[in-house]
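All remarks here apply to the structure that follows.
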Amino acid sequence: MKTLIIGGAGFIGSHLCDSLINQGHKVGCADNFSIGTKENIEHLFENKNFKLYEIDAADRKKLRDLFQDFIPDYVFHLAANSDIQASAVNPDVEYRNTYTTTFEILSAMREYGVKKLFFASTSAVYGDKCNIELDENTPGLAPISYYGAAKLGCEGLISAFSYMNDIQSLVFRFPNVIGPRLTHGVIYDFIGRLNKDPEHLRILGNGKQTKPYIYVLDLVKAILQFMETGNRGVTLYNVGVEGDTTVTRIADMICEEMGLKNVIYEYTGGEGGWKGDVPRFRYCLDKIHQAGWRAEYSSDVAVRKTVQEVLKGKRD
């Protein structure tokens, strides 16, 4: 199969490139390298089934040129702004890198007759609903970040394009993804801060923020397992893990793995780490579990495994 991974040099996308290549598929990798890096995919450059396109998917002409050169059977859309705090400062980032990119990808698929799509959505579309177990049919979606709003808008576009053009779309809503090749987030930030100052650690919020963390290879396995939906329209799943992990627990694990003792935690205070942060939520995974998938790693295990890999500089 000819597959096109948009955002393929990023954290999740590069692991998906590896898995599809290993399964014998041809992979076109499109990335503008605003977040993704060539280091993530350089081991694939000599593979005859891999081709790199250095483009911005929000650029209509360049995206059309790509589709003319490499008309895919399947598009995996992972291109988006993944740094929520960055878009909190400048919401234009979400409009261009998340929403506009999605519209241009769907328009190109429509023009070139591509009928299969995977889209990486997010738990952030639900908004701040800490007292509700969130399932795929939870009403009243009300995101509180520009990131969540842009992703929800993308889901709307995908729904319409799928219906109007007989596209089979698989949409995953998942929480924080961690693992090798991590580029940002709490684990990445804490390790960086402790490398600079091993005696003090600034922690945003009150440290009680509690979220599920999914290991990247667990997520990739789920994508591959469900990519062929067999149904026109949108197939939607919550994707997550057993358990969750507090921010303070993450700090504790990092200090343990770095061999640091008596580190002074300096909390900035407040329930959320930043404006638009959802401090806690409960995710219902019944639908995807009943369909036959379950994450190998729990949240705590995924966090510790990732800390160990980041400290070792592991990239696989």
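The values are calculated or read from the model by the stated rules, or taken from the named source; none is laboratory data. Keep in mind it's a predicted model, so treat the numbers as computed, not measured. Cβ sites come from the backbone with ideal geometry, for glycine too, and all protein chains shown count toward neighbours.
Could you go through segment 31-41 and let me know if any residue there is in contact (Cβ under 8 Å) with a residue 24 or more places away in the chain, part of a helix (DSSP H, G or I) and buried (at least 23 other Cβ atoms within 10 Å of the Cβ).
Among the residues of segment 31-41, at least one is in contact (Cβ under 8 Å) with a residue 24 or more places away in the chain, part of a helix (DSSP H, G or I) and buried (at least 23 other Cβ atoms within 10 Å of the Cβ), which makes the answer yes.
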Which is under 23 Å from Glu133 (Cβ atoms), in contact with a helix residue (DSSP H, G or I) (Cβ under 8 Å, 6 or more places away or on another chain), in a loop (DSSP other than H, G, I, E, B) and modelled with pLDDT under 95, of Gly276, Gly272, Gly292?
Gly276
Taking the residues in segment 192-210 that are surrounded by fewer than 18 Cβ atoms within 10 Å (Cβ to Cβ) and not in a loop (DSSP other than H, G, I, E, B) as candidates, determine which candidate is farthest from the chain's Cα centre (by Cα).
His200
Looking at Leu236, is it under 18 Å from the mean Cα position of the chain (by Cα) and either on the phi < 0 side of the Ramachandran plot or modelled with pLDDT of 95 or more (or both)?
yes
Checking the condition under 15 Å from the mean Cα position of the chain (by Cα), under 14 Å from Arg181 (Cβ atoms) and of a type in the set (A, V, I, L, M), which residue from Leu16, Leu44 passes?
Leu16
Subset of segment 225-248 [under 30 Å from Met1 (Cα atoms) and assigned to a helix (DSSP H, G or I)]:
Gln225, Phe226
Run down Tyr99, Tyr147 and say which single residue is within 27 Å of Leu285 (Cα to Cα), modelled with pLDDT of 95 or more and not hydrophobic (A, V, I, L, M, F, W, C).
Tyr99
Taking the condition among the basic types (Lys, Arg), modelled with pLDDT of 95 or more and in a loop (DSSP other than H, G, I, E, B), does Lys62 pass?
no
When only residues in segment 15-51 that are of a type in the set (Gly, Ala, Ser), out of contact with any strand residue (DSSP E or B) (no Cβ under 8 Å at 6 or more places or on another chain) and modelled with pLDDT of 95 or more count, which is nearest to Ser87 (Cα to Cα)?
Ser19
